[in-house]
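The values are calculated or read from the model by the stated rules, or taken from the named source; none is laboratory data. Because the structure is predicted, anything quoted here is derived from the model rather than measured. Because the Cβ atoms are built from the backbone with ideal geometry, glycine has one as well, and the counts that use them run over all protein chains shown.
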Amino acid sequence: MQMPTPDANVLSRKAGIVARLQEVLPRDAVISDEMETRAYECDALTAYKCPPLAVVLPSSTEEVSAVLKVCHEMGVPVVPRGSGTSLAGGALPTADCVLLGVARMNDVLETDYDNRFIRVQTGRTNLSVTGAVEADGFFYAPDPSSQLACAIAGNIAMNSGGAHCLKYGVTTNNLMGVTMVQMDGTVMEIGGKHLDAGGYDLLGLVCGSEGQLGVVTEATLRILPKPEGARPVLMGFDSNEVAGACVADIIKAGVLPVAIEFMDRPCIEATEAFAKAGYPMCEALLIVEVEGSPAEIDEQLALILEIARRHNPVELREAKDADEAGRIWLGRKSAFGAMGQINDYMCLDGTIPVSELPYVLRRIGEMSKEYGLDVANVFHAGDGNMHPLILFDANKEGDLELCEAFGADILRLCVEVGGCLTGEHGVGIEKRDLMVDQFAPADLEAQMAVKDVFDPHWLLNPAKVFPLAASESRRSVALAAE
Amino acid sequence: MRPETEADLADMIASASAPVCVRGGGTRGVHLDGTVLETGGLSGITLYEPGSLTLVAQAGTPLAEIEAALDAEGQRLAFEPMDHRGLLGTSGAPTIGGVVAANVSGPRRVSVGACRDFMLGVRYVDGAGVVVKNGGRVMKNVTGYDLVKLMSGSWGTLGVLTEVSLKVLPKPETAACVLIDGLSDADAMLAMAKALGSPFEVSGAAHIPVGLDGQPVTMLRIEGFAGSVAYRADQVAGLFGGMAVRVERDPDTVAKGWAWVRDVEAFHGQSGDVWRVSCTPTEAADLAARIGAEALLYDWGGGLVWARVAEGTDVRARLGAFDGHATLVRGSGQAKFPPDPAPIAALSRGLRARFDPKGILNTGLMG
């Protein structure tokens, strides 16, 4: 993965830039020492590292605005960062950027149960949003698996999902309003405590724009009453095709489970060796979870089990109590940890039409043999969002490049069958150069036109999302302007 | 103009130099100067996979055709798009493109989301005649910017939709409605908040200050499998001990009642302007009181106020500043869309200039 050559003009002005930032922020909110900026050199895509020119940690919307004004005036690129958990390199700095972290902004500003929203500063972690309202019987629905650490700012930037999207949607469906600071320092409110925009849906546009349109400092999030209860059921099948058909039949029957998780044999074997959840050894395993009162859960599960039996499962396991439910989820929740025990891995995130599941899994198996790299599949089957985990050895010469090439082929396959490159992790730098496989030049041009409007000089997170060649003329105009 | 293919449409727009008024079924009350461009030639369901909850259709496809196809598989458009014909006195057949362009949603918006929340992908021709696609046909997709949301609700001012891709949902087995009689507007807002804040999955919450019998009634809808609906209806009714609570359990009667709310039938054939106010639910009763309306109807738990007022009433002036906005749905002489705050208006103008550089698409609509 290439990053643009840092702007020598910016690098040479470091002392002056840091001095201006120190004028508008408290002393401890500007980090420029090379030992200390190193802490911000990467996000969760750890194969790529680059310390930024400087790091700023503002504590308020006003401070964010002041920082952006300075960077705008001085022509310095800015890379926004939530908690740095991006798997796509969304928060990867460049040597000539000011990295703007929102971690110090983590207050709850307002909680309103009658109108079912919470307003928070966006440095707050995803799980602690639910933590702030769960004692009163509410929760915030999007639940990316990094929810303990990831920040709402990053969730909004990437339009994060999670395991329960089939029923509750992703971030954009649960976001009511934001306070956003534009690159020139302009502060604006988009949306609010009401539903639906009066004009263009700029909120929908900002959500998922990967920190390229503005820095979101506060967010009004929809909270939901917690369901009375939830219960999973586990089913094992002797082929991916049958498991895929079972998923489609459950959905067609009118049941809307909150989650349908799918694991294939390599994933089952790895997690079983690691977590010993007692999973059956089979080709494909489904975990289906439904919600409601005990009687409602019984009603839905009866229907689901009846459908599952028609597909001759090798195993059907109902959770009788919380302990058994925990054991059903145990393997799934430790899948990533289990793979990490075996080797280094790269986690992909393509989405496919659910109907293409068996074909795509077969092709991935074939490609795995061709590349000589093992793959385990674990994913959200109800919405077709796949997470193939490719195992490789980071210490082996050329293995990372081989793994990236394999990953790119899998993502192209997702696009080929009618899906997309990324379902919930975002494009970042990871999928940036594959965008041409999904979009025609005119499609990318329309998206880049939006950035032109919000950030005419292309200073916000400029080297992400769009293939470098496609965005080059815009980025170089920005540099020439200085 | 009535293109038969997307390529034809692109050619027509590319060579157009005067304003074009985009029209699906012509039922949503848009009257503008310019050559009418009908999308009806771009019609037909392109793809429907019930097991993937996905439907793709050309923009000019009649809504009725889509609803019939979904119904045959026990599915539906969960956002419950309103039919504007009765309220606006229009005729014609609504198209899916029109629904999306106007982000038309109904009572279920409060629980499952708006039309824009069910949009997976679009194809459109921009104002320069360039064909663009965004999104796709899968439920989780964060690949690039979400122009799908931008196009939904942009009323044809940024591009002419040619194809839309939607998430659909199963049709519930049955429905019931909990009815509370005699509440004041303010008390009704609190009752609806209580119901929507319960774990019983209320899928609609409306308050009619003057019902068919002249008395106020508050409606709370429950949908799902039969056993679950019976249970949840009882639980919701139980939240309102001491009030005059009834439960309507006949699904046809429930469906009729909610279609009545969805299409604002109470205002059909009544004179005056009609406004739609989007606001914070618990502020709705106070805001509505400021309007001095001849008739009111609250949907979305109070988050949507329908107001029928004397012709020419400046509702925005009466409301003053609040969190939300007011749209003129029926009437003339005032701006249909609410004015945007300065920074948002600047961005909206910038987007429009880029998407429609010749300034020909639905000129005069949306600022």
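Of the numbered conditions (1) within 12 Å of chain B (Cβ to nearest Cβ); (2) in contact with a Phe, Trp or Tyr (Cβ under 9 Å, 6 or more places away or on another chain); (3) not in a strand (DSSP E or B), A:Asp249 satisfies every one except a single condition; which is it?
A:Asp249 satisfies all of (1) within 12 Å of chain B (Cβ to nearest Cβ); (2) in contact with a Phe, Trp or Tyr (Cβ under 9 Å, 6 or more places away or on another chain); (3) not in a strand (DSSP E or B) except (2).
Please list, ordered by first then second residue, the pairs with beta carbon atoms under 8 Å, 6 or more apart or interchain, first in region B:304-323 and away from every other protein chain (no Cβ under 12 Å), second part of a loop (DSSP other than H, G, I, E, B) and polar (S, T, N, Q).
These pairs meet every condition: B:Arg308/B:Gln270; B:Glu311/B:Ser271; B:Gly312/B:Gln334; B:Asp314/B:Gln334.
Given the conditions (1) aliphatic (A, V, I, L, M); (2) surrounded by fewer than 21 Cβ atoms within 10 Å (Cβ to Cβ); (3) within 30 Å of the chain's Cα centre (by Cα), and given that A:Met263 satisfies all but one, which numbered condition is not satisfied?
(2)
Only one of A:Ala149, A:Ala157, A:Ala141 is hydrophobic (A, V, I, L, M, F, W, C), under 19 Å from the mean Cα position of the chain (by Cα), within 12 Å of another protein chain (Cβ to nearest Cβ) and assigned to a loop (DSSP other than H, G, I, E, B); which?
The unique qualifying residue is A:Ala141.
For the condition among the aliphatic types (A, V, I, L, M), free of Cβ contacts under 8 Å to residues at least 12 places away in the same chain and more than 20 Å from A:Leu213 (Cα to Cα), what is the one hit in A:Ala381, A:Ala440, A:Ala446, A:Ala408?
None of the others qualify; the one that does is A:Ala440.
So which of B:Ala64, B:Ala68 ends up being free of Cβ contacts under 8 Å to residues at least 24 places away in the same chain, within 21 Å of the chain's Cα centre (by Cα) and not in a strand (DSSP E or B)?
Working: B:Ala64 fails: free of Cβ contacts under 8 Å to residues at least 24 places away in the same chain.
From the options B:Ala64, B:Ala68, the qualifying one is B:Ala68.
Does region A:178-187 contain at least one residue that is β-branched (Val, Ile, Thr) and at the interface with chain B (Cβ under 7 Å from one of its Cβ atoms)?
In the first step, residues of region A:178-187 are kept if they are β-branched (Val, Ile, Thr); the result is A:178-179, A:181, A:186-187.
Still in the running and at the interface with chain B (Cβ under 7 Å from one of its Cβ atoms): A:186.
Yes; the residues of region A:178-187 include at least one that is β-branched (Val, Ile, Thr) and at the interface with chain B (Cβ under 7 Å from one of its Cβ atoms).
Looking at A:Leu213, A:Leu205, which one is within 22 Å of B:Asp117 (Cα to Cα), touching a helix residue (DSSP H, G or I) at 6+ places or on another chain (Cβ under 6 Å), within 7 Å of chain B (Cβ to nearest Cβ) and not hydroxyl-bearing (Ser, Thr, Tyr)?
From the options A:Leu213, A:Leu205, the qualifying one is A:Leu205.
For the condition surrounded by 19 or more Cβ atoms within 10 Å (Cβ to Cβ) and within 14 Å of chain A (Cβ to nearest Cβ), what is the one hit in B:Asp299, B:Asp273?
When all the criteria are applied, what remains is B:Asp299.
State all residues of region A:16-43 that are touching a helix residue (DSSP H, G or I) at 6+ places or on another chain (Cβ under 9 Å) and touching a residue at least 60 places away in the same chain (Cβ under 8 Å); if no residue qualifies, say none.
Once the filter is applied, which keeps residues that are touching a helix residue (DSSP H, G or I) at 6+ places or on another chain (Cβ under 9 Å) and touching a residue at least 60 places away in the same chain (Cβ under 8 Å), region A:16-43 yields A:Ile17, A:Leu21, A:Ala29.
Which members of region B:133-157 meet the condition of being part of a loop (DSSP other than H, G, I, E, B), more than 7 Å from chain A (Cβ to nearest Cβ) and among the small types (Gly, Ala, Ser)? Break it down into steps so the answer makes sense when it comes.
To start, the set of residues in region B:133-157 that are part of a loop (DSSP other than H, G, I, E, B) comprises B:136-146, B:152-157.
Filter once more, so that each one left must be more than 7 Å from chain A (Cβ to nearest Cβ): B:155-157.
Result: B:Gly156, single match.
Which condition breaks for A:Lys276 when tested against (1) among the charged types (D, E, K, R); (2) within 18 Å of A:Ala319 (Cβ to Cβ); (3) touching a helix residue (DSSP H, G or I) at 6+ places or on another chain (Cβ under 7 Å)?
Among (1) among the charged types (D, E, K, R); (2) within 18 Å of A:Ala319 (Cβ to Cβ); (3) touching a helix residue (DSSP H, G or I) at 6+ places or on another chain (Cβ under 7 Å), A:Lys276 violates only (3).
Against the definition (modelled with pLDDT under 95, surrounded by fewer than 22 Cβ atoms within 10 Å (Cβ to Cβ) and not assigned by TED's automatic domain parsing to the domain that holds A:Ile260), how does A:Glu445 come out, yes or no?
No.
Mind telling me which of the residues B:Ser348, B:Ser278, B:Ser332, B:Ser271 ends up being closer than 24 Å to B:Glu80 by Cα and hydroxyl-bearing (Ser, Thr, Tyr)?
B:Ser278
Considering every residue within region B:230-246, establish whether at least one is surrounded by fewer than 16 Cβ atoms within 10 Å (Cβ to Cβ), more than 11 Å from chain A (Cβ to nearest Cβ), under 30 Å from A:Asp298 (Cα atoms) and touching a helix residue (DSSP H, G or I) at 6+ places or on another chain (Cβ under 9 Å).
Within region B:230-246, one or more residues are surrounded by fewer than 16 Cβ atoms within 10 Å (Cβ to Cβ), more than 11 Å from chain A (Cβ to nearest Cβ), under 30 Å from A:Asp298 (Cα atoms) and touching a helix residue (DSSP H, G or I) at 6+ places or on another chain (Cβ under 9 Å).
For region A:260-286, which positions are in a loop (DSSP other than H, G, I, E, B) and closer than 10 Å to A:Gly236 by Cβ?
A:Tyr279, A:Pro280, A:Met281, A:Cys282, A:Glu283
Hey, any hits in region A:139-154 for a residue that's over 25 Å from A:Asn385 (Cβ atoms), at pLDDT 95 or above and in contact with a helix residue (DSSP H, G or I) (Cβ under 9 Å, 6 or more places away or on another chain)?
Just the residues of region A:139-154 that are over 25 Å from A:Asn385 (Cβ atoms), to begin with: none.
No; the residues of region A:139-154 include none that is over 25 Å from A:Asn385 (Cβ atoms), at pLDDT 95 or above and in contact with a helix residue (DSSP H, G or I) (Cβ under 9 Å, 6 or more places away or on another chain).
Which members of region B:166-196 meet the condition of being within 14 Å of another protein chain (Cβ to nearest Cβ) and surrounded by fewer than 21 Cβ atoms within 10 Å (Cβ to Cβ)?
Hits for region B:166-196 are B:Leu169, B:Pro170, B:Lys171, B:Pro172, B:Glu173, B:Thr174, B:Ala186, B:Asp187, B:Leu190, B:Ala193, B:Lys194.
Within region A:413-460, track down each residue that is part of a loop (DSSP other than H, G, I, E, B), within 7 Å of another protein chain (Cβ to nearest Cβ) and touching a strand residue (DSSP E or B) at 6+ places or on another chain (Cβ under 9 Å).
A:Gly418, A:Gly419, A:Leu421, A:Thr422, A:Gly423, A:Glu424, A:Phe439
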